[in-house]
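Scroll down for the structure; my scribbles are underneath it.
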Amino acid sequence: VAEASTTDDVLERFEQHLPDVVILDVSLLGSWDTMVAIKRMVRLRDSTVVLVTGMPSQMEALMEALTMGARDFFFKPFHTRSVREC
């Protein structure tokens, strides 16, 4: 398990830990570019990207993210069950 607060940190941690699941907060600056970069790396490994947001107004962008390779998304605040279902 690792935590990151910038796009560069996310990509660095991803390469270090090669996680099965990446939970990416949409509010992270550059999160869309980060997701695309992770999905490029994922071609070498079978990782899943799940997005989280506290803003339901981002629904259109979340739908686009699904077409770009994100597996699923959920809204904050969330319950553990929501995460497990992704």
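Filter region 38-86 down to residues that are exposed (fewer than 15 other Cβ atoms within 10 Å of the Cβ), closer than 14 Å to Val22 by Cβ and at pLDDT 80 or above, then give me how many there are.
1
What pairs can you find where one residue is in region 29-54 and in a helix (DSSP H, G or I), the other is of a type outside the set (Phe, Trp, Tyr) and at pLDDT below 75, and their Cβ atoms are less than 7 Å apart, with a gap of 6+ or different chains?
Sorted first by the residue in region 29-54, then by its partner, the pairs are Thr34/Leu28.
Return the residue satisfying two criteria in turn: it lies in region 11-27 and is open to solvent by 30 Å² or more (accessible area, probe 1.4 Å) and assigned to a loop (DSSP other than H, G, I, E, B), and of such residues it is modelled with the lowest pLDDT.
Selected residue: Ser27.
The values are calculated or read from the model by the stated rules, or taken from the named source; none is laboratory data. Predicted model, so just to flag it, every value in this text is computed and none were measured. When we count neighbours, we look across all protein chains shown, and the Cβ atoms used for this are built from the backbone with ideal geometry, even at glycine. The protein model used for the area step is the full one, side chains on, heavy atoms only, and it has no ligands, DNA or RNA in it. Shrake-Rupley method; radii C 1.70, N 1.55, O 1.52, S 1.80 Å.
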